[in-house]
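Remarks on the structure that follows.
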Amino acid sequence: MVKSLETSDPQLLKPGIKAPVQETLLTPRFYTTDFEAVANWEISANETELQAVVQELRADYNRHHFVRDEEFQQGWDHVDGEKRQAFIDFLERSCTSEFSGFLLFKELSRRLKAKNPLLADAFNYMARDEARHAGFLNKSMADFNLSLDLSYLTKHRTYTFFPPEWVIYTVYLSEKIGYWRYILIHRHIQKHPEYQFYPLFRKFESWCQDENRHGDFFKALLRSQPKLWNNWKARLWVRFFLLTVFVTHTVTVFERAMFYQAIGIHPRKYNNSVIQETNNTSARAFPIILDTNHPAFFWRLEQCFIHTQRLTEIKESRGFSLVKFWQKIPPICGIIYHMLRLYLIKPIDAESIRATVR
Ligand SMILES: [Fe+2]
Ligand SMILES: [Fe+2]
């Protein structure tokens, strides 16, 4: 069974302001890209669909949704111990990831304004949504006497350069996986209101529709660029990004098993559902999807988690760095081996099944 992430008192930058967690491969990333290349993209092949999504974004259906109503106006000291730490960790990770989206979309909007006003508008609307999401989560953190200094985060985080194609694949997937993560928690809490220890989960239904629309925009953008889906290279990249997003998701869910258990969710069932739904949804955008029904699929994802746990144990153990270096080799090889075996599972051709999926 899964082991939950060790939780300790949070490190503070100053009173009430939480120091960001140490950056690892699993913490939400801050991206930068070749803005000039995106500005020069020819989008006419799918302009009608792009126009329709931008229209939806412009409508701003959630402008009155992110209000901290009276349910928030109370003390939260009764949420304590491991549950409190696990929830703060969930809030921080979600806030960082929303804020990272805001920064990327804002910059894209600014840099595309002159050459590609339609895309610039879309990125501006999505930046508006992500700023609301990050702000709402940060206020929730403040209810637990902590918050993130977002301007500190802007200046001190490492920005990872991704070519525009990789940005489209990863952000599309993160929007769609974000949608499924929020909606599945929301549906569960609706069925089991006894687990709603904090009113944030009630907000997820409309909130996740924002993520769904963002994903739809990226899907329309991706389909406007045939080189991103109609050749063998694109199929190999799509397979790679689906796999890395699913491995990362599995590791983060299993590491934070305590949080899911606190809201009555079975981490393994939740992880499998999020991955299956995201994989099925991405058949609308990608030329191939992964075969999540392969008998070894989820087992190998969990093997990746077990090896990452071993890496964490080695990292946190006392000992000489040279010894640790050698100790890390078997789990690293284990992760590479299982990811390779997963990568080699025959994918499903999405182009031929597109008409039948959601
Ligand atoms: Fe968001
Ligand atoms: Fe989003």
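A few points about this structure:
- Of all the criteria given as (1) within 30 Å of Trp232 (Cβ to Cβ); (2) not in a helix (DSSP H, G or I), the one not satisfied by His249 is (2).
- Only a single criterion out of (1) within 23 Å of His249 (Cβ to Cβ); (2) outside any helix (DSSP H, G or I) is not satisfied by Gly319, namely (1).
- The listed residues are Phe201, Phe218, and the only one of them that is out of contact with any Leu (no Cβ under 7 Å at 6 or more places or on another chain) and away from ligand 1 (no atom under 14 Å from the Cβ) turns out to be Phe201.
- Options Glu255, Glu211: the member that is modelled with pLDDT under 95, at negative phi, buried (at least 21 other Cβ atoms within 10 Å of the Cβ) and not aliphatic (A, V, I, L, M): Glu255
- If you filter region 333-351 down to residues that are touching a helix residue (DSSP H, G or I) at 6+ places or on another chain (Cβ under 7 Å) and part of a helix (DSSP H, G or I), you find that the one that is surrounded by the fewest Cβ atoms within 10 Å (Cβ to Cβ) is Arg341.
- Of all residues in region 136-180 being within 11 Å of ligand 1 (Cβ to nearest atom) and not aliphatic (A, V, I, L, M), the one that is nearest to His64 (Cα to Cα): Phe136
- For region 98-116, taking the residues that are within 12 Å of ligand 2 (Cβ to nearest atom) and over 17 Å from Trp166 (Cβ atoms), the one that is surrounded by the fewest Cβ atoms within 10 Å (Cβ to Cβ) is identified as Phe102.
- Of all residues in region 102-129, those satisfying the criterion of being within 10 Å of ligand 1 (Cβ to nearest atom) and touching a residue at least 40 places away in the same chain (Cβ under 8 Å) are Met126, Asp129.
The values are calculated or read from the model by the stated rules, or taken from the named source; none is laboratory data. Everything numeric in this text was worked out from a predicted model, so none of it was measured. Neighbour counts run over all protein chains shown; Cβ positions are idealised from the backbone, glycine included.
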